[in-house]
Structure formats: C-alpha cells, structure tokens
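Engineer: Below is a structure I'd like to ask you about.
The values are calculated or read from the model by the stated rules, or taken from the named source; none is laboratory data. Since we're looking at a predicted model, the values are computed, not measured. Heads up, the Cβs are rebuilt from the backbone with ideal geometry, glycines too, and the neighbour counts pull from every protein chain shown.
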Amino acid sequence: MERIRYSFPKALQEVHARIVQAGYQCYVVGGAVRSIILQKAPTDWDLATDASPEDLIKLFRTVIPTGIKHGTVTILYKGQKFETTTFRIEGPYSDSRHPDHVHYTKELLEDLKRRDFTINAMAIDPREKLLIDPYGGREDCRNRIIRALGDPFERFKEDALRILRAVRFSAQLGFTIEEQTQKAMKTLAPTLGGVSAERIRDEMEKIMASERPSIGFVLMTETGILSILFPELDACRGIDQKGAHAFDVFTHSILCCDAAPKDNPIVRWAALLHDIGKPLAKAETPEGETIFHRHEQVSAELSGKILRRLRFPVAFERKVTHLVLHHMFHYEDSWSDAAVRRFVRKVGKENLEDLFALREADGWATAGNPPDRKPLTEFRERIARVLSQEAPLSLKDLAVNGNDLSEAGIPKGPAMGTVLEFLLETVLEDPSMNEREKLLTLAKNFYRTRLRV
C-alpha cells in the first residue's frame, strides 16, 4: 500500500466517517482514483463498502436506489452525489452480458478482483490516505496503459461490452491498449453483436463526449469493432474525395467529429455521420471526376437508420438527421433578403447555431487547417440583420389562419394547406403583404384560379 497526498472534500470525508463509525469499511474507487493518480480533479465520487444497501438507507436521510439490484445506491449528502456499491463477487456470465448471480462479500480484494481493467481495480482509504493497488493499476495509469485484469479473454467473455469500454477509456484518457488486451479485443469483437443496443449506445455517448473521439474510432478499425457496430462508417474507409479534401471520407468524418463542440452531442453525431452516404452516392463524370451527387440525402437516411438501431430518442434522431440533410448549403452575398428568409424557414431558426457549428467543424476537417471563417461570419451577420426585421418565417407568423380561410370559403384539407403555403411564400418574398385583408384577397384569388375544380 502507498500513502497518497490529496485533500478530499469535506462532504466525502463526512460520508466516509459515518459509514466507518457504523462499523463498516468504505473506500473511494473508480474514476476518482484514476484522476487523483493522474493529478486531475475528480468529477464524481464512487464508493465501495461492505455495508449493504439496506444498511446505507438506515445511515443516510436521502438514498436513491439507482442500481439496488446489483448493490448500488446513490447517497445524496450536502448537495453532492456519492454512488456507493456493496463489495460483491460475481458468478459466471453465461450470456456475455450479466453475471448469473451476485454475492455480497466483506473483502475489498474480492471486490477489486472482479473488475475489468487494472486502472479500475484500485481503492483509496480517504481517512488514512492509503492506496490499495493489488494489480498494478497505478503503474499502468502512470504509463498510460489500459490492461485487462488477469486473462483478457476471460474478462471479455464475461461481458463483451468491456471490449467497447476499453475503447472508451482509450478515447477519454488518451491511453494505449496493452498488446494482449488488444489481441483479445480483436478476437472477441464479434461478440459485441450480442450486446443490447442501449448498452452500446451508452458507451458510444461517452466516447463521443471525449476530447478526441477519433482515437476511439481508429482503435475500432484496428480491432474490427467498427465493421460490427458501424458497417456504414467502415465503408467510408478508403473513399477518396480529392479536390479540397486532404483525407478519405472516414478520416474526414472522425476529424470533423473531433472538431465539433464536445458538449453538443447533436452536432457531434451529425459531424460523424454527415458524409456517411458518400460510398453509396459515389459516381464518376464522363471526364473521370469523382462526385457524390445529393450525398446529404443518402447520409440523412443512413444516419437515421444508425441512430434508430442504437435506440436513440426520436427527437434526437430527427435533429441529427435534419442537420445532416441541410449541411450542404452554399451562401452567396448576392442572395436577396427573401432568399435568406427561405433558408431560415427551411432549416429552422432554432437549428441555425448547430448547423453553423457543423459547417465550421466540416471546414476544419477538410484540409486539416483552420477554415476561412469570413463567409460563414458574413452569412451569420446577414441572417441577424434579416431576422431583426421580424418578417414572417412560418405559417404561425401569417396574419391569417385556417379559420380565416374557412370563413372566406376555402375548404379545410389539402387545398387549404396549399393556399397557406402559397401565402407564406408570398410574404417571405414581400413581408409587407402580411396583412389580413391582402392575404384573404390573395387566398381567394389563388384558390379560385388555381385549385377550385
């Protein structure tokens, strides 16, 4: 055991003291231990104890049974959360997903022995400030290595998701995978096909929130994971783009993902998937030039398919695919104000910032150099000026509604929808037309001359 130098938060010390004073053991485990060893500030605190969840519920006023089935509860104390798990021994994993049974134990070392990687099999006694490290996790942390605890083949056979967890830790921490661990990952990568979509999604969300998701995706190609989880993205490897592009579609996509804001998962996923349709859209002109005609439409369709496969919420999928579908806009300063209003209407005012963030990331990943921001800045400023005019942009902004048209003799149904779209196009072109009487006159004339049978 090694004594460490670290000042633990007062709330954690008090939670620890209460558990210990009640006659139980309690240790800091998980990511906080790694952070302390790497001299970084922990972002959350996980505890391990021989107290049962029922014991903890008696000790603290507010305890949430977050994973009580597996011995995990969350203690809320002085505005902080402490995820606390009872020491346990796991039975065999007959389905490569979950242990067949879980038994509580009084031994910390038994609990550490069941963990996936050496860097996760450490604990700290916060009162004595002692590091318990039976498997060399500290050394692997300092050498920036991810190593399976014990036999990597056995660890990954127990739970195939651990293969993707290794990728996630590599992306999050910037660590390399130990040789035998990576060999086992490559051999057993096909077993990820048996892991639930929700568990895959949860790990992918953590990879996508890392500083450089590209580290994870490169590792996925090296281990064969990419072809199993994302065959559409794997198909982008080796698809050259030429022109202004310095990279193939795959490299461009993962660099675009890196360049997107890491705190915006919608833009990050759109960045990763925005060109995923290029392999299917690829064609050659008679002159031998490679083109990807309307690839944004194919990319939007494939993006939706992937996100549905991973069980993302419908609203999330729609936002991502909307950005992918509209990422190929080409603004010119010759556009009229009406053209700008039509663009905003098509994209949606609420999506503008995300779309611009995607375009900026796309620029970064095209040649690997900072893009020329002037055109995008000018377009932003132009949109701001046009929007400041408070001109109508959607049907709800019109000076008339369906009831008004109905009273004017236009029947409800498809015809009314066509009339409303015509009126909106009219006021997008000329906002001064957005007056009730003018629109009713226009509507009646349009219906009588164009739609009435």
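Engineer: Restricting attention to helices (runs of 4 or more DSSP H) lying wholly within the range 348-453, give those where 3 or more residues are in the same structural domain as residue 267 (by TED's automatic domain parsing) and surrounded by fewer than 19 Cβ atoms within 10 Å (Cβ to Cβ).
Structural biologist: Correct list: 352-367, 374-387.
Engineer: In the range 31-73, which residue that is in a loop (DSSP other than H, G, I, E, B), modelled with pLDDT under 95 and among the aliphatic types (A, V, I, L, M) is surrounded by the fewest Cβ atoms within 10 Å (Cβ to Cβ)?
Structural biologist: So, considering only residues that are in a loop (DSSP other than H, G, I, E, B), modelled with pLDDT under 95 and among the aliphatic types (A, V, I, L, M), the one surrounded by the fewest Cβ atoms within 10 Å (Cβ to Cβ) is 41.
Engineer: Right, another one. Among the candidates 341, 308, 345, which residue alone is basic (Lys, Arg), more than 22 Å from residue 212 (Cα to Cα), outside the structural domain of residue 424 (by TED's automatic domain parsing) and at pLDDT 95 or above?
Structural biologist: Selected residue: 308, the only one of 341, 308, 345 that is basic (Lys, Arg), more than 22 Å from residue 212 (Cα to Cα), outside the structural domain of residue 424 (by TED's automatic domain parsing) and at pLDDT 95 or above.
Engineer: For the range 281-289, check the following and say yes or no: at least one residue is over 24 Å from residue 360 (Cβ atoms), at pLDDT 95 or above and either in the same structural domain as residue 315 (by TED's automatic domain parsing) or of a type in the set (Lys, Arg) (or both).
Structural biologist: No: the range 281-289 contains no residue that is over 24 Å from residue 360 (Cβ atoms), at pLDDT 95 or above and either in the same structural domain as residue 315 (by TED's automatic domain parsing) or of a type in the set (Lys, Arg) (or both).
Engineer: Turning to a different aspect of this structure: So in the range 275-290, with the set limited to residues that are buried (at least 21 other Cβ atoms within 10 Å of the Cβ) and either among the charged types (D, E, K, R) or in a helix (DSSP H, G or I) (or both), which one is farthest from the chain's Cα centre (by Cα)?
Structural biologist: 279
Engineer: Could you tell me whether any residue of the range 158-178 is part of a helix (DSSP H, G or I), in contact with a Lys or Arg (Cβ under 6 Å, 6 or more places away or on another chain) and among the aliphatic types (A, V, I, L, M)?
Structural biologist: Yes, the range 158-178 contains at least one residue that is part of a helix (DSSP H, G or I), in contact with a Lys or Arg (Cβ under 6 Å, 6 or more places away or on another chain) and among the aliphatic types (A, V, I, L, M).
Engineer: Out of 390, 437, 378, 421, I need the residue that is among the acidic types (Asp, Glu), touching a helix residue (DSSP H, G or I) at 6+ places or on another chain (Cβ under 9 Å) and modelled with pLDDT of 90 or more. Which one?
Structural biologist: Exactly one of 390, 437, 378, 421 is among the acidic types (Asp, Glu), touching a helix residue (DSSP H, G or I) at 6+ places or on another chain (Cβ under 9 Å) and modelled with pLDDT of 90 or more, namely 421.
Engineer: Output the number of residues of the range 1-30 satisfying the condition of being touching an Asp or Glu at 6+ places or on another chain (Cβ under 7 Å), in a loop (DSSP other than H, G, I, E, B) and either more than 21 Å from residue 143 (Cβ to Cβ) or aromatic (Phe, Trp, Tyr) (or both).
Structural biologist: Count: 2.
Engineer: Here's another thing I want to ask about it. Could you say whether any residue in the range 18-38 is free of Cβ contacts under 8 Å to residues at least 24 places away in the same chain, out of contact with any helix residue (DSSP H, G or I) (no Cβ under 6 Å at 6 or more places or on another chain) and among the β-branched types (Val, Ile, Thr)?
Structural biologist: no
Engineer: Sticking with this structure for a sec: Considering only residues of the range 311-337 that are surrounded by fewer than 16 Cβ atoms within 10 Å (Cβ to Cβ) and modelled with pLDDT of 95 or more, which is farthest from residue 357 (Cα to Cα)?
Structural biologist: 311
Engineer: Pairs under 6 Å by beta carbon, first residue in contact (Cβ under 8 Å) with a residue 12 or more places away in the chain in the range 372-384, partner among the hydroxyl-bearing types (Ser, Thr, Tyr) and surrounded by 12 or more Cβ atoms within 10 Å (Cβ to Cβ), six or more apart or different chains?
Structural biologist: Within 6 Å, the pairs are 379/331.
Engineer: Which condition breaks for residue 183 when tested against (1) charged (D, E, K, R); (2) within 24 Å of residue 159 (Cβ to Cβ); (3) within 19 Å of the chain's Cα centre (by Cα)?
Structural biologist: Result: residue 183 passes all but (3).
Engineer: Let me ask something else about it. Would you mind stating whether residue 293 is in contact (Cβ under 8 Å) with a residue 60 or more places away in the chain, surrounded by fewer than 21 Cβ atoms within 10 Å (Cβ to Cβ) and either in contact with a Phe, Trp or Tyr (Cβ under 6 Å, 6 or more places away or on another chain) or not hydrophobic (A, V, I, L, M, F, W, C) (or both)?
Structural biologist: no
Engineer: Would you confirm whether or not the range 126-141 contains a residue that is over 24 Å from residue 206 (Cβ atoms), in contact with a helix residue (DSSP H, G or I) (Cβ under 8 Å, 6 or more places away or on another chain), not acidic (Asp, Glu) and not in a loop (DSSP other than H, G, I, E, B)?
Structural biologist: yes
Engineer: Answer yes or no as to whether residue 212 is crowded, with 20+ Cβ neighbours inside 10 Å and within 26 Å of residue 268 (Cβ to Cβ).
Structural biologist: When the stated conditions are applied, residue 212 does not pass them.
Engineer: On to the next question. Please indicate, with yes or no, whether at least one residue in the range 3-13 is under 25 Å from residue 103 (Cβ atoms) and either touching a Leu at 6+ places or on another chain (Cβ under 9 Å) or assigned by TED's automatic domain parsing to the domain that holds residue 102 (or both).
Structural biologist: No, the range 3-13 has no match at all.
Engineer: Could you please give the count of residues in the range 201-221 that are out of contact with any Lys or Arg (no Cβ under 9 Å at 6 or more places or on another chain) and closer than 18 Å to residue 156 by Cβ?
Structural biologist: So the count comes out to 3.
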